[in-house]
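Presented below is the structure to which this report refers.
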There are 2 protein chains.
Amino acid sequence: MNNTEYALIVAGGKGTRIKSKVPKQFLDINGLPVLMHTINAFYAYSSTIKVIVVLPEDDFALWNELCMLHDYRKPLRVVKGGESRFQSVRNGLAKIETDGLVAIHDGVRPLVSADIIAASFRLAAVHGSAVAAVRLKESIRMTDQDTTKAMDRSRFRLIQTPQTFQVSLIKQAYQLREDTTLTDDASVAERAGHMISLFEGSYENIKITTAEDLIIAEALLAARK
Amino acid sequence: MNNTEYALIVAGGKGTRIKSKVPKQFLDINGLPVLMHTINAFYAYSSTIKVIVVLPEDDFALWNELCMLHDYRKPLRVVKGGESRFQSVRNGLAKIETDGLVAIHDGVRPLVSADIIAASFRLAAVHGSAVAAVRLKESIRMTDQDTTKAMDRSRFRLIQTPQTFQVSLIKQAYQLREDTTLTDDASVAERAGHMISLFEGSYENIKITTAEDLIIAEALLAARK
């Protein structure tokens, strides 16, 4: 099996949930845009990993400016995003020409550790997939018509990224018709008939979605130093 | 209806998940123990609320020392906890002698806002219950024998506290036999046959469970100033 390792970093968000004109992957935390922290995490894991970043075409100019401003010279391939996350991932996968393993990762999860990335590649090499997941800290209820009912939280896992797959497997899964109810790569692979292997993610590996997440990410990054 | 408002703050944790000899409700964040921040949030909502704090008996001496150290003089009644959260809540409820409304709240959720507390009392006065809940930011999977399957995250809510009830309703619910699969007050009330009303909580209203949660809580508290 070809063991080339790719990181496909999806940074297509438009920043609508955070009150900011700048998409959240470009916001500065601790002196560097979120997306650069994310890319750096993959290079901290491996200096030879092949990094593909999917960005909305409208953001290419801003990204280039940020790279100049920060003298950011990490090798990476920038690919044009689509109308949806699904299309953005498909566009990114299309640029991978060999088989191997690809870690698909949210551009707005800058706190992913080298250990988690390593675990995802190690497990995906064995199982074909490796999806970071954590147990629930809180109780959970499911809506049921007009009401909700308590569920056994021990049966659920919150899903993070990286979601790492054998390239040929996930490329084939993304050839199927787009379904907007599939919110991550694992569910796309599952629909194509593949078993999904989970591994233990980290509560630190947050997705920056709301304004308070930026404060949280800054604090967690600062605490590492 | 009697409209006396109570806060029942449950601080029974033993700190096993955070590597610390001091239970996490007593750890210092931004100059004050977590539990004092939590109590202060209820007094910020109302100066006349009746606050009951449930603590393990072994921690009474430490709590008294902390109160002296911080010259902490907020009126509150300290009640001995039980062997489990269920028993601790039941012990606390037993000290409430009138009807009214009671907001049951985790001692380790110091970031609850006065607005959320107000909403919980307002809605519980109408519906008999009001439970803080938030939508999922991440995908979710449910375990199913040896595998897991993707679920529609829009159908789920993560449950926080306060969980506010009419006193007579929740007291009666806690008279039933203890069931260790019920992880919060809403599920206890539900088992007793009551409909559960949810309202919008806040992503800031975190429960301090792990070491990184302390860092997060400090950052969020500092950002408010």
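The values are calculated or read from the model by the stated rules, or taken from the named source; none is laboratory data. This one's a predicted model, so the numbers in the text were calculated from it and none came from an experiment. Please note: Cβ atoms are built from the backbone with ideal geometry, for glycine as well, and neighbour counts cover all protein chains shown. The accessibility values were calculated without ligands, DNA or RNA, using every heavy atom of the protein model including side chains. Shrake-Rupley method; radii C 1.70, N 1.55, O 1.52, S 1.80 Å.
General observations
- Among beta bridges identified by DSSP and lying wholly in chain A, the antiparallel ones come to about 50 percent.
- Long pairs among B:Lys21/B:Lys171; A:Lys149/B:Lys50; B:Lys50/B:Lys74, criterion Cα-Cα beyond 22 Å: B:Lys21/B:Lys171; A:Lys149/B:Lys50
- Fraction of the pair-distance distribution of the protein assembly as shown above 31 Å, Cα-Cα pairs, percent: 46
- For region A:148-183, heavy-atom accessible area (probe 1.4 Å) falls by no less than 20 Å² from the chain alone to the full protein assembly at A:Thr148, A:Ala150, A:Arg153, A:Arg155, A:Phe156, A:Arg157, A:Leu158, A:Ile159, A:Thr183.
- Using C-alpha pairs under 8 Å with a sequence gap of at least 6, the mean separation divided by the residue count of region B:5-224 gives a relative contact order of 24 percent.
- A:Met142, B:Met151, ranked by accessible area, largest first (probe 1.4 Å): B:Met151, A:Met142
- For the protein assembly as shown, the antiparallel share of DSSP beta bridges with both residues in that region comes to about 55%.
- Cα gyration tensor shape for region A:5-224, rounded if a/c is under 1.5, else prolate or oblate: rounded
- Gap separating the Cα centres of region B:25-92 and region B:184-210, nearest whole Å: 20
- Reach of A:Lys137 by Cα under 17 Å, taken over aspartates and glutamates that are not fewer than 8 positions away in the same chain: A:Asp152, A:Glu200, A:Glu204, B:Asp106, B:Glu138, B:Asp184, B:Asp185, B:Glu204, B:Glu212, B:Asp213
- Pseudo-label separations to other copies for B:Thr180 - Cα-to-Cβ vector, 7 Å, nm: 4.6
- Inter-chain Cβ neighbour average for residues A:212-221, partner chain, 10 Å: 5
- Peptide B:129-142 has a mean shielding of 6, counted as Cβ atoms of other protein chains within 10 Å of each residue's Cβ.
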